[in-house]
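Remarks on the structure that follows.
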Amino acid sequence: FKTCPGRVLCKVPCSGEKEVDLAVQSAKAAFKIWSQMSGMERCRVMLEAARIIREQRDEIATMETINNGKSILEARVDIDVSWQCLEYYAGLAGSLAGEHIQLPGGSFGYTRREPLGVCVGIGAWNYPFQIACWKSGPALACGNAMVFKPSPFTPISVVRLAEIFTEAGVPKGLFNVVQGGAATGQLLCQHPDVAKISFTGSVPTGMKIMEMAAKGIKPVTLELGGKSPLIIFSDADLENAVKGALMANFLTQGEVCCNGTRVFVERKILDTFTKEVVKRTQKIKIGDPLLEDTRMGALINRPHLNRVQGFIKQAKEQGAQVLCGGDLYVPDDPKLKNGYYMHPCVLGNCKDDMTCVKEEIFGPVMAILPFDTEEEVLERANATKFGLAGGVFTRDIQKAHRVVAALKAGMCFINNYNSSPVELPFGGYKFSGFGRENGRAAIEYYSQLKTVCVEMGDVECVF
């Protein structure tokens with residue numbers, strides 16, 4: 001692999017009705033084998049997959065950087081999170097169990113936790129390999145099979161994951177990959193042998209998937225967009241708060257659904273905070289994502305870069321002030337001249353009713369807004385259709401817990417941001433979706449309970 005921004009990396013055929021059906025039937029056959037294995041047997045196979053990913057970390061990270069455009073530093077973190085996810089769910093696989101309930105007269109009942117069947121995973125282009133592991137980890141631990149469709153913008157690394165699962169010893173076809181766009185996704189969602197759909201992506205697409213799933217009464221997990229608030233109080237550690245704001249806005253070129261892009265800063269520290277954020281933002285090293293010192297790579301494609309630039313142009317027209325960045329970046333290296341680079345942008349003089357504050361930009365654009373009171377900032381922070389994440393920086397721990405309790409968001413951070421350990425559930429409120437990835441909570445979305453009632457005496461018949 002070599003970096004080749006703006007050029008075609010490879011071509012993959014889109015999966016049509018025939019290919020989708022073959023993938024589902026293959027997964028269905030593998031499910032019959034995998035679902036009958038003990039939890040400990042599944043555990044050993046998943047641990048082997050995690051081991052292979054861990055040992056091939058640098059190779060897979062390089063593939064992911066070229067697949068996606070993010071810096072190699074971030075890609076390595078993604079791969080680490082991926083194998084940790086499989087290890088975590090391997091550990092849970094052997095502990096999945098139901099309950100025994102004692103009933104009167106010596107009778108009893110029990111519950112069985114059973115897999116759903118063939119699950120569909122539809123991934124996004126910002127974390128291709130990691131999202132595939134987030135979805136396949138709990139699915140496979142519960143005894144399911146999975147057909148996964150990556151984004152057509154990032155089709156490569158998930159194929160490597162499928163190979164790794166095969167090398168680790170899963171039944172042939174247990175984790176199948178199909179390629180394509182909306183038409184392929186529709187075929188998957190409407191397939192009669194698909195039991196569940198898990199989607200990460202945009203709100204409009206999530207709505208369509210939910211509609212299609214409803215016709216088949218299929219459970220859905222939706223991890224959608226966000227416009228998350230990051231609240232900086234005047235008593236916060238300023239250095240830490242600045243770092244938090246950078247982490248909340250510029251990871252993966254700002255292409256992160258839970259980013260804290262509405263940065264509310266208490267007015268008495270607004271100027272100091274803003275000046276430091278701008279200074280640090282201007283020092284971010286942009287360029288070849290495979291270089292060790294690069295901290296920001298290229299955006300996913302030209303249309304998306306144009307879209308982000310359009311948001312900045314509109315922000316200026318509506319009265320926002322570009323404090324730094326927002327323009328295109330052209331690297332000195334001639335082989336990178338066609339890359340989709342831009343300088344990370346900080347917007348000041350922002351108002352709550354501006355488009356750049358209300359809509360998800362999904363690029364390296366931070367909007368700074370002043371506030372005066374806790375009550376005021378909470379009302380403004382929650383005044384959004386989204387509810388994926390939120391953060392607070394303060395030295396007052398009581399205030400911190402009070403604020404996150406009041407935030408209408410599924411994932412909250414105190415004095416940090418964008419940390420997503422696999423042990424903790426991840427998901428949103430409102431238009432940001434429902435259901436949870438990661439943690440023990442994900443087990444509930446990839447399994448179902450069967451209740452068995454055992455009568456030890458004669459049936460009480462009223463007839």
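Within the range 311-335, residues that are among the basic types (Lys, Arg) sit with their Cβ atoms under 9 Å from residues that are in a loop (DSSP other than H, G, I, E, B) and surrounded by fewer than 12 Cβ atoms within 10 Å (Cβ to Cβ), at 6+ positions apart or across chains, in these pairs: 335/2.
Which one is farthest from the chain's Cα centre (by Cα), of the residues in the range 346-387 that are in a loop (DSSP other than H, G, I, E, B) and either of a type in the set (D, E, K, R) or not assigned by the TED database to the domain that holds residue 402 (or both)? Residue satisfying both the conditions and the ranking: 372. When 186, 179 are checked against the criterion of being in the same structural domain as residue 85 (by the TED database) and assigned to a helix (DSSP H, G or I), 186 stands alone in meeting it.
Look at (1) open to solvent by 10 Å² or more (accessible area, probe 1.4 Å); (2) within 27 Å of residue 202 (Cβ to Cβ) and you find that residue 367 fails only one, number (1).
Taking the options 112, 42, 51, name whichever one is at pLDDT 95 or above, buried (at least 17 other Cβ atoms within 10 Å of the Cβ) and either part of a loop (DSSP other than H, G, I, E, B) or not aliphatic (A, V, I, L, M) (or both). Quick ask: steps written out before the conclusion?
Working: 112 fails: buried (at least 17 other Cβ atoms within 10 Å of the Cβ); 51 fails: buried (at least 17 other Cβ atoms within 10 Å of the Cβ).
Every option except 42 fails the conditions.
Before we move on, is residue 248 farther than 30 Å from residue 37 by Cα, open to solvent by less than 10 Å² (accessible area, probe 1.4 Å) and either modelled with pLDDT of 95 or more or not assigned by the TED database to the domain that holds residue 61 (or both)?
Numbers: farther than 30 Å from residue 37 by Cα: yes; open to solvent by less than 10 Å² (accessible area, probe 1.4 Å): yes; either modelled with pLDDT of 95 or more or not assigned by the TED database to the domain that holds residue 61 (or both): yes.
Criteria met by residue 248.
Residue 260 meets the conditions (1) closer than 21 Å to residue 308 by Cα; (2) in a helix (DSSP H, G or I) in every case but one. The failed one is (2). Yes or no: the range 418-435 includes at least one residue that is part of a helix (DSSP H, G or I) and in the same structural domain as residue 249 (by the TED database). So far as the range 418-435 goes, no, none of its residues is part of a helix (DSSP H, G or I) and in the same structural domain as residue 249 (by the TED database). The set of residues from the range 380-397 being of a type in the set (S, T, N, Q) and either open to solvent by 10 Å² or more (accessible area, probe 1.4 Å) or in contact with a strand residue (DSSP E or B) (Cβ under 6 Å, 6 or more places away or on another chain) (or both) comprises 382, 384. State yes or no: is residue 88 among the hydroxyl-bearing types (Ser, Thr, Tyr), buried (at least 16 other Cβ atoms within 10 Å of the Cβ), closer than 27 Å to residue 196 by Cβ and touching a residue at least 60 places away in the same chain (Cβ under 8 Å)? Yes; evaluated as a whole, the condition is true for this residue. In the range 331-342, the condition of being of a type in the set (A, V, I, L, M), assigned to a strand (DSSP E or B), surrounded by 14 or more Cβ atoms within 10 Å (Cβ to Cβ) and touching a Ser or Thr at 6+ places or on another chain (Cβ under 7 Å) is met by no residue.
Of the residues that sit in the range 60-74 and are touching a residue at least 60 places away in the same chain (Cβ under 8 Å) and aliphatic (A, V, I, L, M), which one is surrounded by the most Cβ atoms within 10 Å (Cβ to Cβ)?
Taking the range 60-74 and keeping what is touching a residue at least 60 places away in the same chain (Cβ under 8 Å), we get 60, 62-74.
Cutting the leftovers down to aliphatic (A, V, I, L, M) gives us 60, 63, 66, 72-73.
Working: 60: 25, 63: 20, 66: 22, 72: 19, 73: 16.
Per the stated criteria, the residue is 60.
The values are calculated or read from the model by the stated rules, or taken from the named source; none is laboratory data. Quick caveat: nothing in here was measured; it's all calculated off a predicted structure. Please note: Cβ atoms are built from the backbone with ideal geometry, for glycine as well, and neighbour counts cover all protein chains shown. The protein model used for the area step is the full one, side chains on, heavy atoms only, and it has no ligands, DNA or RNA in it. Shrake-Rupley method; radii C 1.70, N 1.55, O 1.52, S 1.80 Å.
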